[in-house]
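Structure, as structure tokens:
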Amino acid sequence: MTSPTQSASSIAETKEGQGKFPERTSSVQSVDDDDRLLEEIGYKPSFKREFSNLATISFAFSIMGLCSSVATTFNTPLLLGGPSSVTWCWILGACMCFTLGSSIAEIVSAFPTCGGLYTASAQLCPPKHRAIVGWVVGWLNILGQVAGLSSTEFGLANMIWAAVVIAKGETFVVTQGMTVGLFAGLLVFHGLLNCLATRYLARLTTGFVFINLGATILIVIVLLAMTPRSEMHAASYVFGSAGIVNQTGGWNTGIAFLFGLLSVQWTLTDYDATAHISEEVKRAAYAAPSAIFIAVIGTGLLGWLLNIVMVLCSGPLENLPGASGSAFLEIMSLRIGKAGALFLWTFVCLTAFFVCQTALQACSRTVYAFSRDHGFPDRGYFGHVSSYTMTPLRAIWATTLFSILPGLLDLASPIAANAIFALTAIALDLSYIIPIFLRRLYRNHPEVDFKPGPFYMGDGLLGWAANVMCISWTLFVCVIFSLPTVLPVTKENMNYASVITAGVVILSGLWYILGGRRHYKGPSSNIPHYEDAAGASSSQENEKASQEA
């Protein structure tokens, strides 16, 4: 139903394919107000709002998966730029990610829909550009989320096999088929878990944050307790020039050092995941952006502490990454012993498991929203919510199958698979800065009406500084992530991430021109009486104009 305070003329402003907002009512205070706000944006409520504040915050922390994400990417900064790259790149990247997270939070607060920043991008530009902007941002966001889910699940499979190697010894050989098989099985299992009703997903998610943060704190405490003071590295090795070790084979030391940003940027991403479940969140305009804000700060600070302790207790650099291929696991095994390391590693793997669970839920909601807006040539097939579970089962299984495909590439070409995984940060971050840029570019445009939500940094220096810094930083790191990490460049170590990202943008643009524009008109209302009310309002206005004439 439409809001009682919403006039017919305001409904008329929200025509199919235009996505223009009617006038907003007062602040959100209850589930009814949440649903009313969603209707004002143009969508009928389709989900049950079962996610509490704690469950939403837990979801935001879980999507970043602190200790598991650090464990998965720890090799890159340590073995390319050295120990100092690990510590300083993390805090540098975390500070910049905080500006991006804050900028995204205020947009999510204004547009609490499962379309997330894809929907916001289309609303923050003039009507004539909404379709193409929504199309490109939607495909970039889905690409980044699918690549992120696939790479995290693939990382989890590798982490499990690394534990087996530690347990059984170096003679145990893990084949590509074993890794891909475990990867596919884990994804199917997560697909089954996501078929649960929303209330069960919310209850399951609530406990994630305690295991995530608890495992990180436990690893820090145990490593410091088990490492003799005489074997800890000096401060110059952890923070100073002694810890800058260029192992790129040809890049200058500055570039080698900056490769350490991959870990923090890969961990602190998928900020808008909370937005994708906002139609399942109570007081979404408050809870969703607050969860993003809290999770970015908490993950950034605690992650820095974890990285410092790992480097401090790392032992000789030449012994890493060891037989398991994971420097993180080797350090724990060195200091805690095999049994203790494997015990703690169980919680690290469990954290990665939670990342995949939340990432699949968020990505499936994006697929649902894009299909709901006719972004796929499926006639809205994936934009369907099961009447039994009140979850988008079709979108869940479509996302699961899409995410298995990049992992299967590893059987044919590990290079192609690694390139798809590497583009996660590039594709997602580019989809994030587009709505931030559009909000500033069209802030005074008569056809663009941005209604700030409860989380708002304002139009003063603070808001502008955060927006400009996050856009500049994102463009900078996209260049760094597009470089091959080792020289000389060969077909084995070439970084194809930027090529694939650009290819997706170009191909999606061509698809839109050749056929997509026939079925996609931009984010559009799925409330049937919107168009009827718009037509009635238009007739009344024409009749009034004739009488006045």
Legend entry - Condition check for PHE370: open to solvent by less than 10 Å² (accessible area, probe 1.4 Å) and touching a Gly at 6+ places or on another chain (Cβ under 6 Å): yes
Legend entry - Members of the range 78-93 found to be closer than 30 Å to LEU117 by Cα and open to solvent by less than 10 Å² (accessible area, probe 1.4 Å), listed by number: CYS89, TRP90, GLY93
Inset, instruction - Pairs only if they're at least six apart or on different chains, beta carbon under 6 angstrom, first in the range 517-535 and under 16 Å from ARG372 (Cα atoms), second of a type in the set (Ser, Thr, Tyr) and at pLDDT below 70; list them, first residue then second. - result: SER525/THR14; TYR530/THR14
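Within the range 478-492, take every residue that is assigned to a loop (DSSP other than H, G, I, E, B) and in contact (Cβ under 8 Å) with a residue 12 or more places away in the chain and give me the one that is nearest to TYR432 (Cα to Cα). Lay out the reasoning, then the answer.
Taking the range 478-492 as the starting set, the residues that turn out to be assigned to a loop (DSSP other than H, G, I, E, B) are 482-492.
From the residues that got through so far, the ones that are in contact (Cβ under 8 Å) with a residue 12 or more places away in the chain too are 482-483, 485-488, 491-492.
Numbers: SER482: 18, LEU483: 21, THR485: 25, VAL486: 29, LEU487: 31, PRO488: 33, LYS491: 31, GLU492: 31 Å.
Step by step, filter the range 478-492, then rank; the result is SER482.
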Legend entry - Close pairs from the range 133-159: first over 14 Å from ILE426 (Cβ atoms), partner modelled with pLDDT under 90 and among the hydrophobic types (A, V, I, L, M, F, W, C), Cβ under 6 Å, at least 6 apart: VAL133/ALA122; GLY134/ALA122
Legend entry - Condition check for ALA291: touching a strand residue (DSSP E or B) at 6+ places or on another chain (Cβ under 6 Å), crowded, with 24+ Cβ neighbours inside 10 Å and in a helix (DSSP H, G or I): no
Legend entry - Selection count where residues are under 30 Å from MET332 (Cβ atoms), under 15 Å from the mean Cα position of the chain (by Cα) and not small (Gly, Ala, Ser), scope the range 252-293: 9
Legend entry - Candidate set: the range 449-475, residues that are in contact with a Leu (Cβ under 9 Å, 6 or more places away or on another chain) and over 18 Å from VAL108 (Cβ atoms); chosen: the one surrounded by the fewest Cβ atoms within 10 Å (Cβ to Cβ): LEU475
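Counting only residues that are within 27 Å of ALA242 (Cα to Cα), among the β-branched types (Val, Ile, Thr) and under 21 Å from the mean Cα position of the chain (by Cα), give me the helices (runs of 4 or more DSSP H) lying completely in the range 43-85 with at least 1 of them.
Values: elements: 53-64, 66-73, 75-80.
Result: 66-73, 75-80.
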Legend entry - Which listed residue, of THR351, THR346, is at pLDDT 85 or above and under 21 Å from the mean Cα position of the chain (by Cα): THR351
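May I ask you to list the residues in the range 490-525 that are β-branched (Val, Ile, Thr), open to solvent by 70 Å² or more (accessible area, probe 1.4 Å) and either more than 19 Å from GLY138 (Cα to Cα) or over 25 Å from the mean Cα position of the chain (by Cα) (or both)?
Of everything in the range 490-525, just one residue is β-branched (Val, Ile, Thr), open to solvent by 70 Å² or more (accessible area, probe 1.4 Å) and either more than 19 Å from GLY138 (Cα to Cα) or over 25 Å from the mean Cα position of the chain (by Cα) (or both), namely ILE513.
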Inset, instruction - Considering only residues that are over 13 Å from PRO83 (Cα atoms) and part of a helix (DSSP H, G or I), look in the range 307-330 and name the one that is least open to solvent (accessible area, probe 1.4 Å). - result: LEU329
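If you take the residues of the range 50-70 that are buried (at least 21 other Cβ atoms within 10 Å of the Cβ) and not hydrophobic (A, V, I, L, M, F, W, C), which of them is farthest from LEU320 (Cα to Cα)?
Of the residues in the range 50-70, the ones buried (at least 21 other Cβ atoms within 10 Å of the Cβ) are 51, 55-70.
The next check asks that each one be not hydrophobic (A, V, I, L, M, F, W, C); those that pass are 56, 58, 62, 65, 68-69.
On the way: THR56: 37, SER58: 33, SER62: 28, GLY65: 23, SER68: 18, SER69: 18 Å.
Per the criteria, the residue is THR56.
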Legend entry - Number of the exception - SER387 against (1) modelled with pLDDT under 90; (2) among the small types (Gly, Ala, Ser); (3) not in a loop (DSSP other than H, G, I, E, B): (3)
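Being touching a helix residue (DSSP H, G or I) at 6+ places or on another chain (Cβ under 9 Å), surrounded by fewer than 24 Cβ atoms within 10 Å (Cβ to Cβ) and either closer than 22 Å to GLY148 by Cβ or aliphatic (A, V, I, L, M) (or both) narrows it down to one residue among THR113, THR73, THR119; which is it?
Working: THR113 fails: surrounded by fewer than 24 Cβ atoms within 10 Å (Cβ to Cβ); THR119 fails: surrounded by fewer than 24 Cβ atoms within 10 Å (Cβ to Cβ).
When all the criteria are applied, what remains is THR73.
The values are calculated or read from the model by the stated rules, or taken from the named source; none is laboratory data. Please read these numbers as outputs of a predicted model, since none were measured by experiment. All Cβ positions, even for glycine, are placed from backbone atoms using ideal geometry, and neighbour counts span all protein chains on display. These accessible areas exclude ligands, DNA and RNA; they are computed on the full protein's heavy atoms, side chains included. Shrake-Rupley method; radii C 1.70, N 1.55, O 1.52, S 1.80 Å.
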